[in-house]
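Report on the structure given below.
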Amino acid sequence: MAYETILTETRDAVTLITLNRPKALNALNSQVLEELIDAFATFEADDSQRCAVLTGSGDKAFAAGADIKEMSEKPAADFYLQDFFARWTSEIVKKVRKPWIAAVNGFALGGGCELAMMADFILASENAKFGQPEIKLGVAPGMGGSQRLTRAIGKSKSMEMCLTGRMMGAEEAERANLVARVVAHDELLDEAMKTAATIAGMPPMAAIANKEMVNAAFETGLDQGIIFERRLFQILTASEDKKEGMEAFIEKREGNWKGR
Ligand code: CAA
């Protein structure tokens, strides 16, 4: 698929995907979302690729939300009958088993904040601004924001954000556990690529299992989650990479991963 609204490149085992509609602050129209699904599917299918980074082009925005101009004239029946947003969210969240990072370089509002929260974790530049301002448009989050934001930062803060539509700066977002780390604006991409390269250097099957078990904490009760974790741990002990990883430690050398 030839892309018009995103850019992709690979650097060793890391795929970089850049939302590229800077004049519209990288607003997510249906073309962007379709291209994103294709880019993530390509990343997932390529055995040489082990971690991805998603960021926004330009200096101002990661993504300022779903495209309001596209949505403004759309009849309500079409939103419902097309199950609007369902495919885009499930294809990215449920089908990408490899780790990926959102590098948030500016506004991450509405669908932009929701897209960032679909990542395995968020690295933010000090200019990042997060928010769910949909209420000001007479609607509400539609790509998982009310659920993921609440699970990340708790009810009180999430409710305040959704009801007032206010933005949260990077420092507040880090204090509230929405983001893993805040870095200087100019260093964001380098830092995200470096972090992704670190993850890409880990045993790939163990990376998938680690992602799956941390995600289970959001989807299951504690007892079930702990059993799920233990089973995945036990499965990993049968892998070639477990044998290699433990031997490499004992022999004081780097592991040579097979991904199985
Ligand atoms: N959709 C479509 N276009 C958008 C957009 C969006 N979400 N956000 C910004 N743009 C466009 C603007 O219309 C403008 O285009 P023109 O130059 O053609 O007028 C361009 O991007 C630059 O934006 P501004 O001039 O507004 O820039 P600013 O610096 O003055 O303000 C901003 C920046 C505060 C982010 C402001 O653009 C803004 O409030 N954007 C909308 C944020 C929003 O409401 N997001 C939620 C969308 S609904 C949603 O996402 C639903 C969901 O849950 C999935």
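Over region 204-250, the ratio between the Cα radius of gyration and 2.2 N^0.38 Å evaluates to 1.27. Roughly what angle does helix 204-219 make with the longest principal axis of the chain, taking Cα atoms, 0 to 90 degrees, to the nearest 10? That works out to roughly 50 degrees. Net length available on complete extension from residue 45 to residue 95 is 17.0 nm, with 0.36 nm assigned per residue and the Cα-Cα distance removed.
Pairs from the table (129/155; 94/155; 95/136; 95/157) lying more than 21 angstrom apart at Cα are 94/155; 95/136; 95/157. Using only Cα positions of region 6-200, each an equal point scatterer, no hydration layer, compute I(q)/I(0) via Debye at q = 0.15 Å⁻¹ and quote the log10 values to two decimals. Reported log10 I(q)/I(0), two decimals: -0.85. Any idea what angle helix 240-250 forms with the longest principal axis of the chain, computed on alpha-carbon atoms, 0 to 90 degrees, nearest 10? Result, in degrees: 70.
Overall, the anisotropy analysis places region 158-219 in the oblate class: the square-rooted eigenvalues a ≥ b ≥ c of its C-alpha gyration tensor yield a/c not less than 1.5, with a/b not exceeding b/c.
Residue 126 sits with roughly 110 Å² accessible to a 1.4 Å probe, with DNA, RNA and ligands left out of the calculation. The angle separating the long axis of helix 222-236 from the principal Cα axis of greatest extent in the chain is about 50 degrees. In a fully extended conformation the segment linking residue 121 and residue 258 would gain 46.8 nm over its present Cα-Cα distance, using 0.36 nm per residue.
Toward the positive end of the charge dipole of region 144-260, with +1 on the Cβ of Lys and Arg and -1 on the Cβ of Asp and Glu, the farthest Cα among 177, 199, 222 is that of 222. Surface listing: 190, 46 arranged by accessible area from highest to lowest gives 190, 46, probe 1.4 Å. Taking the average, over residues, of other Cβ atoms within 10 Å as the packing measure, peptides 36-43, 141-148, 81-88 rank 141-148, 36-43, 81-88 from highest down. Dipole check for the chain: with +1 at the C-beta of Lys and Arg, -1 at the C-beta of Asp and Glu, and the Cα centre as origin, the magnitude is about 580 Debye.
Under the simplified labelling scheme, the residue 73-residue 222 pair shows an inter-label distance of 5.4 nm, with each label point 7 Å from Cα along Cα→Cβ.
Modelled this way, with points 7 Å down the Cα-to-C-beta line, the labels at residue 197 and residue 166 are 4.0 nm from one another. Computed with a 1.4 Å probe over protein heavy atoms only, the accessible area of residue 227 comes to about 80 Å². Accessible area ranking (1.4 Å probe, heavy atoms, ligands and nucleic acids excluded), largest first, for 231, 260: 260, 231. Across region 169-260, counting alpha-carbon atoms alone, Rg and Dmax equal 16.7, 46 Å. When the chain is treated as a Gaussian network with alpha carbon springs shorter than 10 Å, the biggest mean-square fluctuation among 205, 246, 71 belongs to 246.
Per-residue accessible area (protein heavy atoms, 1.4 Å probe) orders 174, 254, 44 as 254, 174, 44, starting from the largest. Would you please classify the overall shape of region 101-243 from the alpha carbon gyration tensor, given that a ≥ b ≥ c denote the square roots of the eigenvalues, rounded means a/c under 1.5, and beyond that prolate means a/b larger than b/c while oblate covers the rest? Oblate, since a/c reaches 1.5 and b/c is not below a/b. The charge dipole of region 204-250, taken about the Cα centre with unit charges on the Cβ atoms of Lys, Arg (+1) and Asp, Glu (-1), comes to about 60 debye, rounded to the nearest 20. Computed with a 1.4 Å probe on the full set of protein chains, the accessible area for residue 96 sits at about 10 Å². Entry comment: accessible area of region 204-250 is 69 Å² per residue, from protein heavy atoms only and a probe of 1.4 Å.
The values are calculated or read from the model by the stated rules, or taken from the named source; none is laboratory data. Just so you know, these numbers come straight off a predicted model, no measurement behind them. Note: ideal-geometry Cβ built from the backbone for every residue, glycine included; neighbour counts use all protein chains shown. Keep in mind that these areas ignore ligands, DNA and RNA; they rest on the heavy atoms of the full protein, side chains included. Shrake-Rupley method; radii C 1.70, N 1.55, O 1.52, S 1.80 Å.
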